[in-house]
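A.B. asks: Here it is: the structure, laid out below.
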Amino acid sequence: MNFVLFDEIDIWKNFLPLTFTKPISEIRIGILTIKQKWDIALNTNCSYLSQSYLEKKYPVLINLENIFINSKYCPNSNIVELINTLKPNQCIYSDKKIIAFYGNTNDFKLLNNFQKIVFSDSIFELSNVCDIYQKNAEELIDDFKIITKNKTSLPLSETVRVIGDKNLVFLEAGAKAEACIFNTSNGPIYLGINSEVMEGSAVRGPFALGDNSMLKLNTKIYGATTIGPHCKIGGEINNSVVFGYSNKAHDGFLGNSVIGEWCNLGADTNTSNLKNNYSHVKLYNYLQKKSIDTGLQFCGLIMGDYSKSGINTMFNTGSVVGVGTNIFGGGFPPTYIPNFSWGGSNGLEKYRIDKLIETTEIVFERRGLSFNQIEKELLNSILSFNE
């Protein structure tokens with residue numbers, strides 16, 4: 001069977017600026033991306049059905065027989081069992097929302113004619129960017145069970161102190177931790193392949209450190225926090241998700257935030273995650289094209305891919321930073337910063353795309369990677385997006 005993860009356009013927009021450069025199923029929550037969760041659950045390799053300009057990097061595969069799965073959902077055993085029983089022209093719904101159907105791409109407009117199967121059990125659903133950090137603990141705990149099942153952790157160094165259950169600390173091959181404190185009272189701690197936790201760091205679970213990522217000296221982590229692969233992290237982080245290939249290597253606070261890929265937060269960059277009057281935080285929404293009340297007291301920074309901040313940058317509560325921005329200078333920059341912006345509190349101008357690509361090529365080369373033509377075309381496509 002061929003499985004395709006599809007994006008609803010309005011839901012995809014609710015995850016901007018993170019999804020300017022990727023389908024919803026490439027969002028990391030817990031330890032894995034949504035696609036990785038479905039791949040494991042279905043024992044397959046799902047493809048993507050998202051925005052047309054993303055297709056070169058994230059291609060869709062359509063066969064004669066296909067099951068389409070709504071990418072805002074994460075799998076559990078009950079929904080996987082039901083999906084595997086689907087027959088042509090059948091559709092699974094939950095609370096009047098489509099989860100999956102058996103058909104073809106031209107069937108999206110015909111789903112009302114499909115036989116409806118109601119899924120009455122609970123299922124994990126993402127609706128907006130804040131859900132990524134708000135619901136991260138639940139997925140991190142579930143992913144930990146899936147990834148570590150029937151596997152044995154590397155032994156912990158005697159220099160590491162564990163508060164709570166030592167069995168909830170798992171080290172993959174090549175992972176290192178010395179002279180640090182792990183607290184598993186609220187959830188597990190997972191260290192990916194060749195990751196490292198340096199001396200003096202204090203980590204409270206649930207927490208995941210991706211493959212080849214590093215916590216630098218004396219880093220302070222409050223759960224639920226996920227650091228994706230190939231990241232360097234320092235300072236203080238609380239309940240945040242960093243997708244991968246991004247650095248916050250120095251002191252500074254990051255709280256209740258989501259950081260995309262290939263981002264860099266300069267030394268002493270700080271985010272506010274709570275308003276002085278303790279009122280609800282407003283956050284810019286690309287679908288409604290205005291700031292809306294999140295209903296949350298805690299919300300920090302949402303940053304799209306390829307964006308950077310200079311040293312001592314201060315982000316106000318509920319800041320949204322688009323793709324390919326460069327933010328620097330004193331004072332608080334605006335809480336909404338459009339794609340390809342250059343500047344800060346004294347004003348913003350357009351960051352020339354050729355200069356951004358030139359810098360990005362250097363960054364990729366440092367990681368032994370190539371910023372190819374597909375990546376360049378993707379960035380140029382975002383230039384024309386009507387924010």
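The values are calculated or read from the model by the stated rules, or taken from the named source; none is laboratory data. As the structure is a computational prediction, the values presented were derived from the model and not from experiment. Ideal geometry is used to build each Cβ from the backbone, glycine not excepted, and the neighbour counts take in all protein chains shown.
A.B. asks: Looking only at strands (runs of 3 or more DSSP E) that fall completely inside the range 271-387, which ones have 3 or more residues that are farther than 18 Å from LEU254 by Cβ? Step through it out loud before you land on a result.
C.D. replies: On the way: elements: 282-285, 290-293, 301-303, 319-321, 341-344, 347-350.
By residue number, 282-285, 290-293, 341-344, 347-350.
A.B. asks: Is the range 108-122 home to any residue that is in contact with a Ser or Thr (Cβ under 6 Å, 6 or more places away or on another chain) and of a type outside the set (Gly, Ala, Ser)?
C.D. replies: Yes, some residue in the range 108-122 is in contact with a Ser or Thr (Cβ under 6 Å, 6 or more places away or on another chain) and of a type outside the set (Gly, Ala, Ser).
A.B. asks: Moving to a separate point now. Among the residues of the range 225-262, write down those that are in contact with a Phe, Trp or Tyr (Cβ under 9 Å, 6 or more places away or on another chain) and without any contact (Cβ under 8 Å) to a residue 40 or more places away in the chain.
C.D. replies: Once the filter is applied, which keeps residues that are in contact with a Phe, Trp or Tyr (Cβ under 9 Å, 6 or more places away or on another chain) and without any contact (Cβ under 8 Å) to a residue 40 or more places away in the chain, the range 225-262 yields ILE227, PRO229, CYS231, GLY235, GLU236, ILE237, ASN238, SER246.
A.B. asks: Among the residues of the range 1-23, how many are touching a helix residue (DSSP H, G or I) at 6+ places or on another chain (Cβ under 9 Å) and more than 20 Å from ILE83 (Cα to Cα)?
C.D. replies: Looking only at the range 1-23, we keep the residues that are touching a helix residue (DSSP H, G or I) at 6+ places or on another chain (Cβ under 9 Å), and these are 1, 3-8, 11-23.
Subsequent filtering for residues that are more than 20 Å from ILE83 (Cα to Cα) retains 11-23.
Summing the residues that are touching a helix residue (DSSP H, G or I) at 6+ places or on another chain (Cβ under 9 Å) and more than 20 Å from ILE83 (Cα to Cα) in the range 1-23 gives 13.
A.B. asks: Of all residues being among the aliphatic types (A, V, I, L, M) and surrounded by 22 or more Cβ atoms within 10 Å (Cβ to Cβ) in the range 179-208, which is nearest to GLY228 (Cα to Cα)? Just the residue, please.
C.D. replies: Here is the first cut: in the range 179-208, the ones among the aliphatic types (A, V, I, L, M) are 179, 181, 189, 191, 193, 197-198, 202-203, 208.
Cutting the leftovers down to surrounded by 22 or more Cβ atoms within 10 Å (Cβ to Cβ) gives us 189, 191, 197, 203, 208.
On the way: ILE189: 14, LEU191: 11, VAL197: 14, VAL203: 16, ALA208: 8 Å.
Here the answer is ALA208.
A.B. asks: When you look at GLN36, is it surrounded by fewer than 20 Cβ atoms within 10 Å (Cβ to Cβ), modelled with pLDDT of 95 or more and over 18 Å from ILE24 (Cα atoms), yes or no? Please lay out each step first, then the result.
C.D. replies: Values: surrounded by fewer than 20 Cβ atoms within 10 Å (Cβ to Cβ): yes; modelled with pLDDT of 95 or more: yes; over 18 Å from ILE24 (Cα atoms): no.
Here the answer is no, as GLN36 does not meet what is asked.
A.B. asks: Out of all the residues in the range 189-211, is one or more on the phi < 0 side of the Ramachandran plot, of a type in the set (A, V, I, L, M, F, W, C), in a loop (DSSP other than H, G, I, E, B) and touching a helix residue (DSSP H, G or I) at 6+ places or on another chain (Cβ under 8 Å)?
C.D. replies: Residues of the range 189-211 that are on the phi < 0 side of the Ramachandran plot, as a first pass: 189-193, 195-199, 201-211.
Now restrict to residues that are of a type in the set (A, V, I, L, M, F, W, C): 189, 191, 193, 197-198, 202-203, 207-209.
Then keep just the ones that are in a loop (DSSP other than H, G, I, E, B); that gives 193, 198.
Retained after the next criterion (residues that are touching a helix residue (DSSP H, G or I) at 6+ places or on another chain (Cβ under 8 Å)): none.
No; the residues of the range 189-211 include none that is on the phi < 0 side of the Ramachandran plot, of a type in the set (A, V, I, L, M, F, W, C), in a loop (DSSP other than H, G, I, E, B) and touching a helix residue (DSSP H, G or I) at 6+ places or on another chain (Cβ under 8 Å).
A.B. asks: Of the residues that sit in the range 230-277 and are in contact with a Cys (Cβ under 7 Å, 6 or more places away or on another chain) and small (Gly, Ala, Ser), which one is surrounded by the most Cβ atoms within 10 Å (Cβ to Cβ)?
C.D. replies: Within the range 230-277, the match that is surrounded by the most Cβ atoms within 10 Å (Cβ to Cβ) is SER246.
A.B. asks: Would you pick out the residues in the range 29-47 that are within 12 Å of the chain's Cα centre (by Cα) and in a helix (DSSP H, G or I)? Working first, answer last.
C.D. replies: First pass over the range 29-47, keeping only residues within 12 Å of the chain's Cα centre (by Cα): 29-35.
Listed by number, the residues that qualify are ILE34, LYS35.
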